[in-house]
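**Student:** Have a look at the structure that comes next, please.
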Amino acid sequence: METFLIKALQLIVALIILVTIHEFGHYIFARIFGIKVNRFYLFFNPGFSLLKYNPMQGTLQIISRDDTHAWKTIRVGKQHQPRPDGKPTWRDTVYGLGWLPLGGYCDIAGMVDETKSSADLAAEPQPWEFRSKAAWKRLLVMVAGVLFNFLLAIAIYIGIAIHWGDRVVPYEGITEGMDFSEPMHRAGFRDGDILLSLNGKPIDARDISNGWDFIQPGARLTVLRGHTDTVTINVDDRLLSDLVEANAPYMSMRVPVMIEETVNGEGARRAGLQTGDRILTVGNDTTPSLSEFFPALTAAASTEVPMTILRDGSETKVPVSVNDAGKIGIQLRSPDKIYPVEDVRYNFFEAIPRGWKTGTDQLGTYVSSLKLIFTKEGAKSVGGFGTLGSMFPNKWSWYSFWQITAFLSVILAFMNIIPIPALDGGYTLFLLVEIITRRKPSERFIEVANMIGMGLLFLLLIYANLNDIYRLILN
């Protein structure tokens, strides 16, 4: 339960940041062009709002159904009158917090959206309405949310580069190589392969796009196999779909079995194992990495088994008792204490291009992966809030939180620009058509298109979350 709550809290905080920034993009551009914004809401509020602040009235309502019915109304300022010239100000907007965390909205005056129909716009257009502005201004208002989400991701990546920098293990420095999933095995990789080059160029472990580039059709990877042979692997067209169907990490670092500490009273301590010892064999099983070590221990549960230990360059065999749970009572040394680690630090000016490259690489990776959704295996992998929550770690980590939030901001930016009615991309498409043809689509047409788009989005949302429930039951 604690793990679930921590993941849920991280997801909610991330959504608050992402939705607020997205809607603020629409809001600020509307204000720049003198367009009135009726309401600015974080989360949706069908039926009632948790909070509602009306600057014009100077009131804050708690659990509000409308302007007159609220559980509690607090006076937080004086009343104001509209400007005599009719020009809208920030006080003309009601700011609220809804209870349904599926997004948010910026209710822009004179625009057909999820808050208004064409019938609501039957009156004569006013100069401060969205529909009265030039098409290019309306276009900027609509793309501003997407732009702000992408800029937020860039800003977060810049901040990460400044605060944490990069801490990477060069692929060639991973002396035990990598473990690969079964689809990668079928593609020609072998556990223990050390990655050397991609398409003829040395692999930079700091380049986050490499992981995606490794599995692209036509990619050419050179690996060191068995510490002696250089092998070139050409990736075929099947690997991507096979990996999606397997739904598992396609490779992971192989870590030698090195002891950091032993536990008092357990088999390792009783056998005299020490900090810095490396376990090379368990019984007849060779254990160059943890991948072989854990199964070997499980098989030896409740027995005393000989283990080959490497200490100060010399090998020795020691009998070690394995308990019923397949444990010997050791704390393993972390990879960053075993392999060479490069710490890369950035000043402000160096962090800007690093943050930009990270953001654009993440966008390119995500866009490239979307084609998998249109395959049978890809459709099965679509997830909802459960999948989003599972991306966050079990324990709160600011580094992980900001990394995942930035990636979600990239996803939100791209998903919103897809030309589906009811999304920003749908409005953007209609405005581009208007600019090119000089013919404005009717408000009724936009209303009907939005209804269809909203229906499709709700179906996708239901399908994605049912996928999460199915996988939860299956597991």
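**Student:** Residue under question is K78, and the condition is that it be at pLDDT 85 or above and either within 15 Å of F40 (Cα to Cα) or part of a loop (DSSP other than H, G, I, E, B) (or both); does it hold? Don't jump to the end; show me each part of the working.
**Tutor:** On the way: at pLDDT 85 or above: yes; either within 15 Å of F40 (Cα to Cα) or part of a loop (DSSP other than H, G, I, E, B) (or both): yes.
Judged against the criteria, K78 is a match.
**Student:** Could you tell me whether any residue of the stretch 206-225 is farther than 30 Å from I279 by Cβ, of a type in the set (S, T, Y) and under 25 Å from the mean Cα position of the chain (by Cα)?
**Tutor:** Yes, the stretch 206-225 contains at least one residue that is farther than 30 Å from I279 by Cβ, of a type in the set (S, T, Y) and under 25 Å from the mean Cα position of the chain (by Cα).
**Student:** Any residue that is open to solvent by 40 Å² or more (accessible area, probe 1.4 Å) and under 25 Å from E129 (Cβ atoms) - is there at least one of those in the stretch 4-16?
**Tutor:** Scanning the stretch 4-16, I find no residue that is open to solvent by 40 Å² or more (accessible area, probe 1.4 Å) and under 25 Å from E129 (Cβ atoms), so the answer is no.
**Student:** If you don't mind, another one. It is to be established whether one or more residues within the stretch 282-296 are under 27 Å from the mean Cα position of the chain (by Cα) and not basic (K, R). Reasoning before the result, please.
**Tutor:** Quick first cut of the stretch 282-296, residues under 27 Å from the mean Cα position of the chain (by Cα) only: none.
Scanning the stretch 282-296, I find no residue that is under 27 Å from the mean Cα position of the chain (by Cα) and not basic (K, R), so the answer is no.
**Student:** Going through the stretch 54-71 one residue at a time, which ones are open to solvent by 80 Å² or more (accessible area, probe 1.4 Å) and at pLDDT below 90?
**Tutor:** R65, D67, T68, H69
**Student:** Next question, about the same structure. Exactly one condition in (1) in contact (Cβ under 8 Å) with a residue 40 or more places away in the chain; (2) farther than 15 Å from Y105 by Cα; (3) within 33 Å of the chain's Cα centre (by Cα) is false for Y27; which is it?
**Tutor:** Y27 satisfies every listed condition except (2).
**Student:** Whether any residue in the stretch 353-363 is open to solvent by 70 Å² or more (accessible area, probe 1.4 Å), assigned to a helix (DSSP H, G or I) and not basic (K, R) is what I want to check. Even if it seems obvious, please write down each step before you answer.
**Tutor:** Start the filter on the stretch 353-363 by keeping residues that are open to solvent by 70 Å² or more (accessible area, probe 1.4 Å), which leaves 353, 356-357.
Of the ones still in play, those that are also assigned to a helix (DSSP H, G or I) are 353, 356-357.
Still in the list and also not basic (K, R): 353, 356.
Within the stretch 353-363, one or more residues are open to solvent by 70 Å² or more (accessible area, probe 1.4 Å), assigned to a helix (DSSP H, G or I) and not basic (K, R).
**Student:** Does the stretch 74-91 contain at least one residue that is within 24 Å of Q126 (Cα to Cα) and of a type in the set (V, I, T)?
**Tutor:** Yes, because at least one residue in the stretch 74-91 is within 24 Å of Q126 (Cα to Cα) and of a type in the set (V, I, T).
**Student:** Let me ask something else. Could you please tell me which pairs satisfy a Cβ distance under 9 Å, a separation of 6+ or placement on different chains, a first residue in the stretch 421-450 that is within 21 Å of F148 (Cβ to Cβ), and a second residue that is open to solvent by 70 Å² or more (accessible area, probe 1.4 Å) and at pLDDT 90 or above?
**Tutor:** Sorted first by the residue in the stretch 421-450, then by its partner, the pairs are L431/W136.
**Student:** Mind listing whichever residues of the stretch 292-322 are crowded, with 18+ Cβ neighbours inside 10 Å and assigned to a helix (DSSP H, G or I)? Can you show your working first?
**Tutor:** From the stretch 292-322, those crowded, with 18+ Cβ neighbours inside 10 Å are 292-293, 296-297, 300, 305, 307, 309, 320, 322; that's our starting set.
Within the stretch 292-322, E292, F293, A296, L297 meet the criteria.
**Student:** Could you run through the stretch 281-291 and say how many residues are open to solvent by 70 Å² or more (accessible area, probe 1.4 Å) and either part of a helix (DSSP H, G or I) or not charged (D, E, K, R) (or both)?
**Tutor:** Step one: filter the stretch 281-291 for residues open to solvent by 70 Å² or more (accessible area, probe 1.4 Å), giving 284-286.
Add one more test, that the residue is either part of a helix (DSSP H, G or I) or not charged (D, E, K, R) (or both), and what stays is 284, 286.
Going through the stretch 281-291 one residue at a time, the tally reaches 2.
**Student:** Being at pLDDT below 90 and not acidic (D, E): is that true of G265 here?
**Tutor:** Working: at pLDDT below 90: yes; not acidic (D, E): yes.
Taking the combined requirement at face value, the residue satisfies it.
**Student:** Quick one: in the stretch 323-337, of everything that is closer than 21 Å to R270 by Cβ and not in a strand (DSSP E or B), which residue is modelled with the lowest pLDDT? First the steps, then the outcome.
**Tutor:** First pass over the stretch 323-337, keeping only residues closer than 21 Å to R270 by Cβ: 323-333.
Adding the requirement that they be not in a strand (DSSP E or B) leaves 323-329, 333.
Details: N323: 90, D324: 89, A325: 86, G326: 89, K327: 91, I328: 93, G329: 91, R333: 92.
In this case the residue turns out to be A325.
**Student:** Next question, about the same structure. Scan the stretch 192-200 and give yes if some residue there is more than 30 Å from E292 (Cβ to Cβ), surrounded by fewer than 16 Cβ atoms within 10 Å (Cβ to Cβ) and either out of contact with any Ser or Thr (no Cβ under 6 Å at 6 or more places or on another chain) or of a type in the set (V, I, T) (or both), otherwise no. It would help to see each step written out before you state the result.
**Tutor:** The initial filter retains those residues of the stretch 192-200 that are more than 30 Å from E292 (Cβ to Cβ), namely 199-200.
With surrounded by fewer than 16 Cβ atoms within 10 Å (Cβ to Cβ) added as a condition, the list becomes 199-200.
Subset that is either out of contact with any Ser or Thr (no Cβ under 6 Å at 6 or more places or on another chain) or of a type in the set (V, I, T) (or both): 199-200.
Yes: the stretch 192-200 contains one or more residues that are more than 30 Å from E292 (Cβ to Cβ), surrounded by fewer than 16 Cβ atoms within 10 Å (Cβ to Cβ) and either out of contact with any Ser or Thr (no Cβ under 6 Å at 6 or more places or on another chain) or of a type in the set (V, I, T) (or both).
**Student:** Here's a follow-up. Which of the residues spanning the stretch 420-475 are crowded, with 17+ Cβ neighbours inside 10 Å, at pLDDT 85 or above and among the acidic types (D, E)?
**Tutor:** D424
**Student:** Take the residues in the stretch 79-99 that are under 43 Å from the mean Cα position of the chain (by Cα) and basic (K, R); name whichever of them is least open to solvent (accessible area, probe 1.4 Å).
**Tutor:** If we take residues in the stretch 79-99 being under 43 Å from the mean Cα position of the chain (by Cα) and basic (K, R), then R91 is least open to solvent (accessible area, probe 1.4 Å).
**Student:** Further, regarding this structure: Within the stretch 246-280, track down each residue that is part of a strand (DSSP E or B), open to solvent by less than 30 Å² (accessible area, probe 1.4 Å) and within 22 Å of D179 (Cα to Cα). Break it down into steps so the answer makes sense when it comes.
**Tutor:** Pass one, the stretch 246-280, residues part of a strand (DSSP E or B): 251-253, 258-262, 278-280.
Checking the rest, the ones that are also open to solvent by less than 30 Å² (accessible area, probe 1.4 Å) come to 259, 262, 279.
Passing the criteria: I259, I279.
**Student:** Would you call P340 in a loop (DSSP other than H, G, I, E, B) and within 41 Å of the chain's Cα centre (by Cα)?
**Tutor:** Details: in a loop (DSSP other than H, G, I, E, B): yes; within 41 Å of the chain's Cα centre (by Cα): yes.
Yes.
**Student:** When only residues in the stretch 84-113 that are in contact with a helix residue (DSSP H, G or I) (Cβ under 9 Å, 6 or more places away or on another chain) and in a loop (DSSP other than H, G, I, E, B) count, which is nearest to S49 (Cα to Cα)?
**Tutor:** Going residue by residue through the stretch 84-113, those that are in contact with a helix residue (DSSP H, G or I) (Cβ under 9 Å, 6 or more places away or on another chain) are 88-90, 93, 101-106, 108-113.
Filter again for in a loop (DSSP other than H, G, I, E, B), leaving 88-89, 93, 109-112.
Values: P88: 24, T89: 23, T93: 15, A109: 20, G110: 23, M111: 22, V112: 22 Å.
Per the stated criteria, the residue is T93.
The values are calculated or read from the model by the stated rules, or taken from the named source; none is laboratory data. These figures come from a predicted structure and were not determined experimentally. Virtual Cβ from ideal backbone geometry, glycine too; neighbours counted across all protein chains shown. Accessible surface is based on the protein model in full, side chains and every heavy atom, while ligands, DNA and RNA are left aside. Shrake-Rupley method; radii C 1.70, N 1.55, O 1.52, S 1.80 Å.
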